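Inspection log for the structure reproduced underneath, given as C-alpha cells.
The values are calculated or read from the model by the stated rules, or taken from the named source; none is laboratory data. Everything numeric in this text was worked out from a predicted model, so none of it was measured. Note: ideal-geometry Cβ built from the backbone for every residue, glycine included; neighbour counts use all protein chains shown. Just the protein is used for accessible areas: all its heavy atoms, side chains included, with ligands, DNA and RNA removed. Shrake-Rupley method; radii C 1.70, N 1.55, O 1.52, S 1.80 Å.
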Amino acid sequence: EEGRMDGPAWAEARSELAEKVAIELGISFAEHTGARLHIVHMSTGIGAKLVGEAKKRGLSVTSETCPHYLTLNYQEAMSEHGAYAKIAPPLRTKKDNEMHWEGLNNGSIDFVATDHAPYEIESEKAGRDIWTAFPGIPGVETMVPIVVSEGYN
C-alpha cells in the first residue's frame, strides 16, 4: 500500500477545479451554440456561482444538486464514515454546503435531485478501503426530510 488511505483522501484527490472547468466549458459551448445546458449533481459552490452568472447573461442554463451536497462535508463525513460517505462527485466543504443553499435561494440551483445509489454494504462497502469501495449513497429516503428540515425550517 502506498499513499493515503483515509476517507478525506477521496475528496481531496478530486479537486473542485475539475467541476469548475467542466461547467465553464459547458457554459461556453451553450453560449456559442445557443444550446440549453443542464448541470447535474453539482457539488461545488463555485459551480452555483458560475451557473448564476450565466443565467444573468441570459443563457439557458439550469442546474441541480443532491441532498448530500447541501448537508454533508468531506472533512467530517469522510473522517467519521470513510467509504460509507464515498460518492462521486465527492463531498466538498462546509462553505460549499452554504453556497448551495444560497444557490437554491437565489435561483442559480434550480432543484434538488438524487441519483439514489445505495450499494449492498456487505459486498460493496464493508471491509473495503476508500479507493476500492464503490461510490454511492442513498437519496430517495433522505431528499424530502433534508430539504424540509434544513431548507424550509
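Looking only at segment 25-55, which residues are assigned to a helix (DSSP H, G or I), in contact with a Lys or Arg (Cβ under 8 Å, 6 or more places away or on another chain) and closer than 14 Å to Asp96 by Cβ?
Selection gives Gly45, Ile46, Gly47, Leu50.
Please work out if Glu141 is of a type in the set (Asp, Glu) and out of contact with any helix residue (DSSP H, G or I) (no Cβ under 8 Å at 6 or more places or on another chain). It would help to see each step written out before you state the result.
Numbers: of a type in the set (Asp, Glu): yes; out of contact with any helix residue (DSSP H, G or I) (no Cβ under 8 Å at 6 or more places or on another chain): yes.
Considered against the rule, which asks whether it is of a type in the set (Asp, Glu) and out of contact with any helix residue (DSSP H, G or I) (no Cβ under 8 Å at 6 or more places or on another chain), Glu141 comes out as yes.
Return the residues of segment 51-76 that are surrounded by fewer than 17 Cβ atoms within 10 Å (Cβ to Cβ) and under 26 Å from Ile130 (Cα atoms); say none if nothing qualifies.
Across segment 51-76, the qualifying residues are Gln75, Glu76.
The rows are residues; the columns are (1) more than 19 Å from Leu17 (Cβ to Cβ); (2) at pLDDT below 90; (3) of a type in the set (D, E, K, R).
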| site | (1), (2), (3) |
| --- | --- |
| Ser43 | no, no, no |
| Ile46 | no, no, no |
| Thr71 | yes, no, no |
| Glu80 | yes, no, yes |
| Ala85 | yes, no, no |
| Lys95 | no, no, yes |
| Trp101 | yes, no, no |
| Val112 | yes, no, no |
| Phe134 | yes, yes, no |
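Looking at this structure, is Asn106 at pLDDT 85 or above and in contact with a Gly (Cβ under 7 Å, 6 or more places away or on another chain)? Outline the logic, then answer.
Numbers: at pLDDT 85 or above: yes; in contact with a Gly (Cβ under 7 Å, 6 or more places away or on another chain): yes.
Here the answer is yes, as Asn106 does meet what is asked.
Please indicate, with yes or no, whether at least one residue in segment 121-136 is under 12 Å from the mean Cα position of the chain (by Cα) and charged (D, E, K, R). Walk me through it before giving the result.
Let us first name the residues in segment 121-136 that are under 12 Å from the mean Cα position of the chain (by Cα), namely 136.
With the extra rule that they be charged (D, E, K, R), the set shrinks to none.
No, every residue in segment 121-136 fails to be under 12 Å from the mean Cα position of the chain (by Cα) and charged (D, E, K, R).
When you scan segment 77-119, how many residues do you find that are in contact with a Lys or Arg (Cβ under 9 Å, 6 or more places away or on another chain), open to solvent by less than 20 Å² (accessible area, probe 1.4 Å) and assigned to a loop (DSSP other than H, G, I, E, B)?
Count: 3.
Can you run down the residue pairs with Cβ atoms below 8 Å, 6 or more apart or on separate chains, where the first is in segment 25-37 and more than 12 Å from Gly47 (Cβ to Cβ) and free of Cβ contacts under 8 Å to residues at least 40 places away in the same chain and the partner is open to solvent by 90 Å² or more (accessible area, probe 1.4 Å) and among the basic types (Lys, Arg)?
Between residues of segment 25-37 that are more than 12 Å from Gly47 (Cβ to Cβ) and free of Cβ contacts under 8 Å to residues at least 40 places away in the same chain and residues that are open to solvent by 90 Å² or more (accessible area, probe 1.4 Å) and among the basic types (Lys, Arg), the close pairs are Ala30/Arg36; Glu31/Arg57.
Given the structure, is Ala22 open to solvent by 20 Å² or more (accessible area, probe 1.4 Å), out of contact with any strand residue (DSSP E or B) (no Cβ under 6 Å at 6 or more places or on another chain), among the small types (Gly, Ala, Ser) and not in a loop (DSSP other than H, G, I, E, B)?
Criteria met by Ala22.
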